[in-house]
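Participant: Take a look at the following structure, please.
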Amino acid sequence: MMSKILLIEDDPLLIDIYTTKFKEHSFEVQVEDDGERVVGEIQKLLQI
C-alpha cells in the first residue's frame, strides 16, 4: 500500500518537482493549490 501525502502549493513548477520526487519514493500525491480552503475543510472535518 502506498503512503499518501497532501501537497499544498500554488506554483506549477514546484508542484511538478515535488510530485515527481514523492512519486519516486512511492508516495501517492494529492495536490491542492488553495491553502485557506484546505484549512477550512480540515477545520470542518475536525469540527474546530
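Participant: Given (1) in a strand (DSSP E or B); (2) modelled with pLDDT of 95 or more, identify the lone condition not met by K4.
Facilitator: If we test K4 against (1) in a strand (DSSP E or B); (2) modelled with pLDDT of 95 or more, just (2) comes out false.
Participant: Determine if segment 16-37 includes at least one residue that is surrounded by 12 or more Cβ atoms within 10 Å (Cβ to Cβ), of a type in the set (S, T, Y) and part of a helix (DSSP H, G or I).
Facilitator: Yes, the conditions are met somewhere in segment 16-37.
The values are calculated or read from the model by the stated rules, or taken from the named source; none is laboratory data. Please read these numbers as outputs of a predicted model, since none were measured by experiment. Every residue, glycine among them, receives a Cβ derived from its backbone with ideal geometry; neighbour counts consider all protein chains shown.
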